[in-house]
Every structure is written in structure tokens, then in C-alpha cells.
Amino acid sequence: MMLPAFTPRAVQGYYPFISSATSAALEAWCGSADPVLAYKAVNSLALKIAIGVIAGTGGPWMQAEAFPAFQRLVTTWLEGLFAWRIDLSWTRFGKARKARAALDQMVLESIEASRSGTEFCAIRVMLDARDEGGVPCSTLELLDNVMTLLFAGHDTSATAMLCLLEEMRKHPEGVQALRAEQAAVIAEHGEELTPTALAAMPLAEGWVKESMRRTPVVPIVPRTAIQGFEVGGFWVRPGQPVVAGLRSTMQLDPRFEGSKPLAFCPERWMAPEASRDAAWMPFGGGPRLCLGNLLSMAELKIFLALLTRRYDVEFLDHAEAWHYIPLARPLRGMPIRLRPRHLTGKAPSA
């Protein structure tokens, strides 16, 4: 019932909002007198995009004065999801339950508003969806769907943005190639980030794919063995928990041999034979493929396009360590400054 909200056509309908939200965020970062902690900044941007795509831009949480309180509720809820289940007002779990109740009420109000509204958003699409028997989602199902999307869709996108920034820090020479591609896109398609314009960015897509290959948002995937098998000289019993390491798997897959598998090489994805579906799995694979994979790819390409078109990024900490589990993050928040630049349809200057 959620799939209709994330088809290629549906995702393209979200492009204008994603572009607008990203533009506003980058402009605010550039206007900050103090260094911006990218970790916090991209989390705020990703949450705003997620809730705007899911519930539309007309909700009270999208207003500038109300969004920080909404973000605190989401943070409190997420921080208590895996805490000890001690339901007292002062525990992380207790605070999370209270935050979840407040979020539920806000989402229910948004669902009711969408029933009579016309704004294109995931809730509106899910309201119109029907199952095989022609039955629509119940209000409770819609609520659960929205909270699932909110949980799965913003922390992961924020992490992917951070990883793109880290690759920009490490590979400034590659940023110039990105700008050259963006200049060509502007010359042919104009400034607007339309589906046609995004499709004309193979290098930007290569950056996104290569960043995810080297640092997948979800680095490990827990599973349970349904039958016994041997791997690496070890016997795994049926029912035994196992963990698949996506980071090492994608970095060292034999299909990348001969192309410097550990190197950052976005161009590897631009070759005609670059369809390596089995070797590239940041969104999972098979029937469990991430529902929002098309949305995430579009969001990241728009972020990268607008950032390289309009700003120079100064990285203020070149010795920052990262943690990679449960999600990749820089330990000091990645302090940055943005300086404006204007990219036209001409070759960019250095």
C-alpha cells in the first residue's frame, strides 16, 4: 500500500519540494556567522524533506517557528526506540513513548487534512491506494506507514549526505569535474532540477553510488540462517544468527577487481557495463529492496547538484574520526563553512 507513493512518477512529483527545501537549507548554512556542524544540519534538512514528502508542506511542523519542536520530538522518539523498556517519565523509553504519542496526534491531524486536501504527498497517494480486494488503508495503517517512513527515511538520507561531504573533502579535484557536469546540465536544461536534468548527471550519480559503495548507510545486516551452510571455513547452524557486512562486501566484491576496488572512483559507474546490481546493495536486494531507493537517489543528486553549483565548502577538521555502527557519523560533527559561488552554463572556474 506504500509502493504507489514511491514509483518513479510519484518520486518525480517530489522534486520541486526537495529542491526548494535543499536550496533554503544551503542558503541558511552559507549565511551562518559560525561554523555549521554538518551532522546536525543535514539531519535537519533530511527530516524536513522526509516529512514534507510524506505529509506535505502545509502541516504546522513545517513552519520555521514550529519545526525545531517537531525535530526534538522525533529525536526523543528515535533515541528511546531501543532503550530498556522501563516506562517511567524520566527514562529514555518513557520520554520516547510520550514523544511518540505527540507525533501520532500530529500525523493523525495531517491524515485528516489530506483527506480533503489536494497537495501531492505520500499520505495523499496512500489515501487513494487500494489493496487487491479494493480496500483502502485504515487510519491506523496509515499512521503506522507514516511513522515507518519517518523512521526509515530521514536518518539514512542524512548519513548519505554526510558521506558525500566526506568524499568531497577527500577528493577536491573531483568536485571540479562535478561542477563541469553541472555547467553542461545548466547549459542544456536550465537551472531547474527536472527529471530530464537529473538524468543528465551520470557523474553526480556515480558520486552517490560510489559513496554508498564505500560507506553504506547500513553497514551490517542481521539475519537468521534458515539452513546450515559453510562460509570461510566455519559451519553455521540452522537458526543461528548471522551478520552480513555490507561495507566490506561491496568494497571487496570480485566484480570490482582490476578497477582499484578500495579507491573512490565515481567514473566506474559511468561505463556501459557498470550494471553491477549484485555487487551494489546499499538499499538491500531482491524482494526486500528499500522502498524509498528512488527517492533517496534523487534527494542525494539534488543535494550534490545544488551544493556544487552554488557553494564552495570549507572543511574545518581534516583529522576527524568516524563511527560506522549503527550509522556512519563524524565524531565531532563535521564543522564546515559554505561560501557562495555562481555556476552558469559555462565551464566553471577553479
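Here are a few things to note about the model shown:
- For the range 211-318: rounded, prolate or oblate by the Cα gyration tensor [a/c cutoff 1.5]: prolate
- For the range 54-138, a crude dipole built from +1 on the beta carbon of Lys and Arg and -1 on the beta carbon of Asp and Glu, taken about the Cα centre, is about 440 debye to the nearest 20.
- Between Y324 and T224, residue separation times 0.36 nm minus the direct Cα-Cα distance comes to 33.8 nm.
- Extended-chain gain in nm, criterion 0.36 nm per residue less alpha-carbon gap, R92 and L262: 57.3 nm
- Percentage of interatomic Cα-Cα distances in the range 126-264 larger than 28 Å: 48
- Within the chain, the selection of entire DSSP H helices by a Cα span of 24 Å or greater along the long axis and an average Kyte-Doolittle value of at least 1.0 returns 38-55.
- Less than 5 angstrom separates the built amide H of I220 from those of L246, all sequence-distant by 5 or more or on a different chain.
- If you take the alpha carbon atoms of the range 66-177 and fit the smallest convex hull around them, that volume is 191 Å³ per residue.
- Radius of gyration and maximum dimension Dmax of the chain, Cα, Å: 21.1, 61
- CD proxy at 222 nm, helix term only [per DSSP H run n ≥ 4: -39500 (n - 2.57); per residue of the chain; nearest 500]: -16500 deg cm²/dmol
- Compared with the alpha-carbon gap, the fully stretched path from L108 to R339 is longer by 79.1 nm at 0.36 nm per residue.
- Inter-centroid distance (Cα atoms) of the range 265-343 relative to the range 125-172, Å: 17
- P(r) of the range 150-201 over all Cα-Cα pairs, binned every 5 Å from zero, in whole percent: 4, 18, 17, 15, 23, 17, 6, 1
- Loop-located GluC sites (Glu not before Pro) in the range 91-169, at most 11 other Cβ atoms within 10 Å (DSSP): E132
- Within a straight-line Cα-Cα reach of under 30 Å, K209 can be paired with the following lysines, leaving aside sequence neighbours fewer than 8 residues apart in one chain: K40, K48, K170, K260, K301, K346.
Read the figures in this text as sums done on the coordinates, not as results from a lab. Since we're looking at a predicted model, the values are computed, not measured. Positions of Cβ are backbone-derived with ideal geometry, glycine not excepted, and every protein chain shown enters the neighbour counts.
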